[in-house]
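Engineer: Structure provided below as structure tokens; questions to follow.
What follows is calculated from the coordinates using simple rules that are stated; it is not laboratory data. Here the structure is a predicted model, which is why all the values come from computation and not from measurement. In this analysis, Cβ positions are derived from the backbone assuming ideal geometry, glycine residues included, and neighbour counts consider all displayed protein chains.
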Amino acid sequence: MLNKEQIQKTDAFFRENGVAYYDIRQELVDHVSEILEQKMNSNPSLSFEAAFDETVRRFSKKELVLLNEAAGFNYDPRKEWRYFTKQRILKLLLLYLAMVLPLYCLPPRAAMLTGILYVAGWMVFNGWLLFSFRKRHPAPDKKLSTYSHPSLFIALLPVLFQTCIVGRYVLKMTTVTPVHPAGLALLPFFMLFTTAAQLAHQHLKDQDYQAAKNNYPFLFHQ
Amino acid sequence: MNKSNLYKGCLEPILLKLLKENGRMYGYEMTQKVKALTAGELKITEGALYPLLHRLEAEGILEVEMENLGNRVRKYYSLTASGKKEQARSMIELEAFKNTLQLIFNPKLA
């Protein structure tokens, strides 16, 4: 069995040669350690250094960088659909009806004001979703391919983009009179659709985070 | 033609079959098992193995279990319930692929 220093040397080799993700590096360390142990067992006169040099020679830096990158592209967005259980779909439909009915029933002016209120509430809720997500997921010190912490700027971009679209739509509604109430039905639909997508995304990230925390606990407690 | 290119598309069914037969395995163990089964004909490189294992894990086909070995940690892979279905499906696909090749290279046997 290799000692701590020998394992550290193996880990340092991969880290210095482009394997930044801890989880993939850890597997490579175990892999190479097994090869080294076998070599040293079958030839007791072979030193660790000689066995190490001989073993790591077959890894090119380019190959290791590619290996690291490939491990980081494994996020499967199709899994986000699992969030939409029958119960959640039903809740979303009920919420949609609860939001759209006042827009139909209220007089045009009041409907417009309600629409603006929805947009404001939607923006606040989306912002809160993003910030609370970051708060409950403190990033591990070292990177993991199984859980990469989302950048707030990247996460905020779609929200800003959506706000621009919705804002423009509401602005158009408030300046064009009379407003056809059917047009307002799209507003809650768009807001609920984007928020549900965000919730589904966060739900999957929550699961990834928990799995990473269970598999690599020490990275989260440093 | 490079021989390893011919095997490339078969790596996934090979790994799934190994895991079906052996329960749980770790990366190095898989490479050694394949090497032994094929008498050294097929050598799986780390660059091909680990990205594939990680992808299968992300797709929910494999589940992992970590084991502390003292100075290092070992990651064991095993098939999930959907992984078992995927394994059965991949065997059918591989069989169909073999039959198609027979039609081209050995029509008398097909």
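Engineer: Which loop-located trypsin sites (Lys or Arg not before Pro) does segment A:24-57 contain, where loop means any DSSP state but H, G, I, E or B and the Cβ has at most 15 other Cβ atoms within 10 Å?
Structural biologist: Within segment A:24-57, the qualifying trypsin sites (Lys or Arg not before Pro) (loop, at most 15 other Cβ atoms within 10 Å) are A:Arg57.
Engineer: Under a GNM of chain B (C-alpha, springs under 10 Å), which listed residue has the highest mean-square fluctuation: B:Asn68, B:Asn99, B:Asn22?
Structural biologist: B:Asn68
Engineer: Across peptide B:21-28, what mean number of C-beta atoms from other chains lies inside 10 Å of a residue's C-beta?
Structural biologist: Across the residues of B:21-28, the mean count of other-chain Cβ atoms within 10 Å is 2.
Engineer: Still on this structure, I have one more. What aspartates and glutamates does A:Lys91 reach when the alpha-carbon gap must be under 18 Å and sequence neighbours fewer than 8 apart in one chain are set aside?
Structural biologist: Cα-Cα hits under 18 Å: A:Glu80.
Engineer: Which angle from 0 to 90°, rounded to the nearest 10, does the C-alpha axis of helix B:81-105 make with the longest principal axis of chain B?
Structural biologist: It works out to around 30 degrees.
Engineer: Projected onto the charge dipole of the protein assembly as shown (+1 at Lys/Arg Cβ, -1 at Asp/Glu Cβ, origin at the Cα centre), which of A:Phe133, A:Ala211, B:Asn99 gives the Cα projection farthest towards the positive end?
Structural biologist: A:Phe133
Engineer: Which whole-number percentage describes the relative contact order of segment A:4-72, with Cα contacts under 8 Å and a sequence gap of 6 or more?
Structural biologist: RCO, segment A:4-72: 41 percent.
Engineer: Another question, if that's okay. Springs between alpha-carbon pairs under 10 angstrom, Gaussian network model over chain B: which of B:Leu62, B:Leu16, B:Leu42 fluctuates most?
Structural biologist: Looking only at B:Leu62, B:Leu16, B:Leu42, the largest GNM fluctuation is found for B:Leu42.
Engineer: Using a Förster distance of 25 angstrom, determine the FRET efficiency expected from the C-beta separation of A:Phe161 and A:Gln210, and round it to 0.05.
Structural biologist: Numbers: r = 29 Å, r/R0 = 1.18.
The calculated FRET efficiency here is 0.25.
Engineer: Counting alpha carbon pairs within less than 8 Å and at least 6 residues apart, what relative contact order, in whole percent, applies to chain B?
Structural biologist: Relative contact order, chain B: 27 percent.
Engineer: Rounded to the nearest 20 debye, what is the charge dipole size of the protein assembly as shown about its Cα centre when +1 sits on each Lys and Arg Cβ and -1 on each Asp and Glu Cβ? Don't skip to the end; give the middle numbers.
Structural biologist: Working: 42 positive and 31 negative charges, 205 e Å.
I would put it at about 980 debye.
Engineer: Taking a threshold of 32 Å on the Cα-Cα distance, which of the pairs A:Lys9/B:Lys85; A:Lys39/A:Lys79; A:Lys213/B:Lys20; A:Lys86/A:Lys135; A:Lys213/B:Lys17 fall above it?
Structural biologist: Distance filter (> 32 Å) returns A:Lys9/B:Lys85; A:Lys39/A:Lys79.
Engineer: Just counting partner chain Cβ atoms within 10 Å, what average do the residues of peptide A:9-22 show around their Cβ? Write out the running numbers ahead of the final one.
Structural biologist: On the way: counts 0, 1, 1, 0, 0, 0, 0, 0, 0, 0, 1, 0, 1, 0.
Counting other chains' Cβ atoms within 10 Å and averaging over A:9-22 gives 0.
Engineer: By a straight-distance test (C-alpha under 15 Å), which aspartates and glutamates pair with A:Lys62 as possible cross-link partners, with residues fewer than eight away in the same chain excluded?
Structural biologist: A:Glu16, B:Glu46
Engineer: Right, another one. Pick from B:Gly70, B:Gly83, B:Gly27: which is most flexible by mean-square fluctuation in a GNM of chain B where alpha carbon atoms under 10 Å apart are linked?
Structural biologist: Residue with maximal mean-square fluctuation among B:Gly70, B:Gly83, B:Gly27: B:Gly70.
Engineer: Here is a further query. Taking the Cα centre of chain B as origin, work out the dipole magnitude from +1 charges on Lys and Arg Cβ and -1 charges on Asp and Glu Cβ, in debye rounded to 20.
Structural biologist: Rounded to the nearest 20 debye, it is 280 debye.
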